[in-house]
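Worksheet for the structure shown next.
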Amino acid sequence: MTVHAYARATSCVPGSSLRFVVSEPSPVEVADVTDDRVVFTGTAARDWRLPIDPGWPSSLYRARFGPEVPWPPGLPGERPCPGNEVYFVVREVVPSAPILVSVPFTTWQAYNRAGEPGQGLYWTESPSRATRVTFDRPGGGPPPERWEHGLLRWLRPAGYDVAYCSNLDLDDGLDLLSGHRMLIVNGHDEYWSAGMRDEVEEFVRRGGNVAFFSGNTCWWQIRLEDDGRTMVCHRDAAADPVADPRLATVEWSATGRPENTLTGVSFRAGAGTWGPDMRRMLEESYTARFAGHWVFEGTGLTDGDKFGQGCLGYETDAAEFEEVAGVPRVTCRDGTPSSFVVLATADLRHWSAYGQGGRATMGIFSSGLGRVFTAATVNWGNTLHDPAVERITRNVIDRFSAEPVQEWEVIGPIADVRALAVAGRTLYAAGADGTLLRRELCGQNLPWQPAGATGSVCALAMPREAAGGHGADLYGLSPAGRLLRLAGAAWEDLGRAPGSAGLAVADGAFYVATTSGELWCRPFGSRDWEPVGGSAGATCLAGMNGRLFALDPARRLLTMLPGGVWEECGLEVPGSTLTAHAGLLITGGPDVPLWWRPWGNGRPRPARG
């Protein structure tokens, strides 16, 4: 007769003990799931405590009671986790590893006894499904597809210092999260409580990073009761007795809090192929849409290349987007943040014949001080044998788990631009022939579009607000040294300027750098230019929040407050032209992509000479 057992908690710490309830006395073997290393053998009584050795590393463990029961991989609900196997996590006593990996015990428990009336939360449409399930019962281990196993078994051999937690630990888990630089959500993590979501979102706002190597993520809201030992999910707001509708156990999107704000994507726009047709996922691949992004560094991919065959299954998430001159840009209508950058897409609308037709959208976005990456598929970790999938995974983990460092990031393709300026959400550029170009100021690799203006300009500037008779318009310098203002589709001549090396607006005044190294100023409301010192050899100027910026011939960034002295910022700029706007530095130039980075970290240093 098969032994049945369960643990009284999903996680514990070294030096403690974990209580098990066992149907009959039996031999027990405990192994680390990530490498199959056996860490304990003995005999378990019906009410038994496993001592957690202080030397055991933080990991996912399996306790097997009695002989091994054959358990081949299969389809959802097919041959679920044997009742004599119990999974649990050993956490760190003091959270300190750079990387924390969450194990989705809530989803595992939701599928436990799927299809049994009153026992499992599945199947979704069945009126006899349970609305409350307990962790105090056998089963509740990984599903037969083992969505999580590939990444779990790859991380440590790949050289990463990782700690593990149960996803139940994330409920009221901000202190736990704060001990780590990044959180990895892996595989199929579908069931989230409000507390879990609150803490993870706050972790990101404070500067933590999250990588969702997962799909169908945070689809259902749950509540945890009985000290976390009961999971409630009615899936029907009318049947849920909860007083606060924000806590109703329905799809997160139905609570007014779409999962997109956490993950950037949603299963609402995603795809699924189920049952006998699940194997069709092995035929599908992602298409790279922003191969110049650092996430793709070292992959050798170019835009339009396919990669990751088999990673898109069996459920995927997606963001709503529109094609802008052949480049995807999120609409934000579904709750996806405007900072979301689409990295790769897959068109899976043909899956409507096998389950749910939709798409998959890999991407990255910022929230507060932190960043979020999503692979948007449940099977990502099981395709790490694909060189592109492995390199992308390494790129994300390496950057997210390291000490935060502000770096230049590519936001657009190579284009021969000679001057930049920003008006609201629009980035303007002067092309090599002086014609005006524009695109949205965002992290997506959007192409430049003609702005419709005529006339040649070599420098651009934009005041933050109107003053002294000058509107909040786009201004330029002609190569002949004339100050211009954009009026409709043409440039209006505002008179002579003393130079053409650079133009900026700061503190209600125009500033011009000359090729001979002088800096001149013309306050708004005046028609006269005044010399105000040297330009530090500036090849271009920019202004932001009353501060001037300049690039010297070596492309080093300098800054000063009007009336002060130039100071070196200790920052090399990858482009030859520069603008500054809303806390960002943006640069480009001939033969280089468009880049941006935040301004403000580090202290300026006095300029030499």
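The values are calculated or read from the model by the stated rules, or taken from the named source; none is laboratory data. These numbers come from a predicted model, not from an experiment. Ideal geometry is used to build each Cβ from the backbone, glycine not excepted, and the neighbour counts take in all protein chains shown. The area values use the complete protein model at the heavy-atom level, side chains included, leaving out ligands, DNA and RNA. Shrake-Rupley method; radii C 1.70, N 1.55, O 1.52, S 1.80 Å.
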statement: Taking first residues from region 484-501 that are free of Cβ contacts under 8 Å to residues at least 60 places away in the same chain and second residues anywhere that are open to solvent by 20 Å² or more (accessible area, probe 1.4 Å) and of a type in the set (S, T, N, Q), the pairs with Cβ under 7 Å that are 6 or more apart or on different chains are 489/454; 490/454; 499/515; 501/515; 501/539
task: Considering each of 72, 67 in turn, give the residue that is surrounded by fewer than 13 Cβ atoms within 10 Å (Cβ to Cβ) and either closer than 29 Å to residue 278 by Cα or in contact with a helix residue (DSSP H, G or I) (Cβ under 8 Å, 6 or more places away or on another chain) (or both).
output: 72
query: Do we find a residue being open to solvent by less than 40 Å² (accessible area, probe 1.4 Å), within 15 Å of residue 217 (Cα to Cα), touching a Cys at 6+ places or on another chain (Cβ under 8 Å) and not aliphatic (A, V, I, L, M) anywhere in region 282-292?
result: no
task: Restrict the check to region 426-438 and report whether at least one residue is at pLDDT 95 or above, surrounded by 22 or more Cβ atoms within 10 Å (Cβ to Cβ) and more than 30 Å from residue 395 (Cα to Cα).
output: yes
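For the condition modelled with pLDDT of 95 or more and among the acidic types (Asp, Glu), what is the one hit in 403, 390?
Among 403, 390, only 390 is modelled with pLDDT of 95 or more and among the acidic types (Asp, Glu).
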Matching residues, region 317-334, being in a strand (DSSP E or B) and open to solvent by 70 Å² or more (accessible area, probe 1.4 Å): 322, 323
query: Of everything in region 5-22 that's in contact with a Leu (Cβ under 8 Å, 6 or more places away or on another chain) and in a loop (DSSP other than H, G, I, E, B), which residue is most open to solvent (accessible area, probe 1.4 Å)?
result: 8
message: Within region 254-264, does at least one residue satisfy the condition of being open to solvent by less than 60 Å² (accessible area, probe 1.4 Å), free of Cβ contacts under 8 Å to residues at least 12 places away in the same chain and of a type outside the set (A, V, I, L, M)?
response: no
- line: Taking region 23-59 and the residues there that are open to solvent by less than 10 Å² (accessible area, probe 1.4 Å) and in a strand (DSSP E or B), the one that is farthest from residue 85 (Cα to Cα) would be 59
- prompt: Looking at (1) in a strand (DSSP E or B); (2) within 22 Å of residue 204 (Cβ to Cβ); (3) more than 16 Å from the chain's Cα centre (by Cα), which is the one condition that is false for residue 373?
  reply: (3)
message: I'm told residue 96 meets every condition in (1) open to solvent by 50 Å² or more (accessible area, probe 1.4 Å); (2) among the small types (Gly, Ala, Ser); (3) closer than 16 Å to residue 62 by Cβ except one. Can you identify the failing condition by its number?
response: (3)
- request: Would you point out which residue out of 229, 206, 246 is under 22 Å from residue 91 (Cβ atoms) and over 18 Å from the mean Cα position of the chain (by Cα)?
  value: 229
message: Exactly one of these conditions fails for residue 374: (1) in contact with a Ser or Thr (Cβ under 7 Å, 6 or more places away or on another chain); (2) of a type in the set (Ser, Thr, Tyr); (3) open to solvent by 40 Å² or more (accessible area, probe 1.4 Å). Give me its number.
response: (3)
message: For region 148-236, give me every one of the strands (runs of 3 or more DSSP E) that falls completely inside it and has 1 or more residues that are surrounded by fewer than 18 Cβ atoms within 10 Å (Cβ to Cβ) and either hydroxyl-bearing (Ser, Thr, Tyr) or at pLDDT below 95 (or both).
response: 230-232
query: Are any of the residues in region 305-316 over 25 Å from residue 258 (Cα atoms), within 20 Å of the chain's Cα centre (by Cα) and crowded, with 18+ Cβ neighbours inside 10 Å?
result: yes
task: Filter region 255-311 down to residues that are in a loop (DSSP other than H, G, I, E, B) and among the basic types (Lys, Arg) and give me whichever is nearest to residue 406 (Cα to Cα).
output: 289
- prompt: Can you name the residue in region 337-371 that is open to solvent by 40 Å² or more (accessible area, probe 1.4 Å) and among the hydrophobic types (A, V, I, L, M, F, W, C) and is also farthest from residue 304 (Cα to Cα) among such residues?
  reply: 369
statement: Note on region 17-37: residues over 36 Å from the mean Cα position of the chain (by Cα) and not basic (Lys, Arg) are 17, 20, 21, 22, 23, 24, 25, 26, 27, 28, 29
- line: Filtering region 470-479 for residues that are open to solvent by 40 Å² or more (accessible area, probe 1.4 Å) and under 25 Å from residue 514 (Cβ atoms) leaves a count of 2
message: For the structure I just gave you, tell me whether residue 395 is under 30 Å from residue 154 (Cα atoms) and crowded, with 16+ Cβ neighbours inside 10 Å.
response: yes
- line: Per the filter on region 101-128, residues in contact with a Leu (Cβ under 9 Å, 6 or more places away or on another chain) and either touching a residue at least 60 places away in the same chain (Cβ under 8 Å) or of a type in the set (Asp, Glu) (or both) are 101, 102, 103, 105, 106, 109, 110
Lone unmet requirement of (1) of a type outside the set (Val, Ile, Thr); (2) open to solvent by 50 Å² or more (accessible area, probe 1.4 Å); (3) part of a strand (DSSP E or B) for residue 511: (2)
query: Does at least one position in region 105-123 carry a residue that is open to solvent by less than 20 Å² (accessible area, probe 1.4 Å), of a type in the set (Phe, Trp, Tyr) and at pLDDT 95 or above?
result: yes
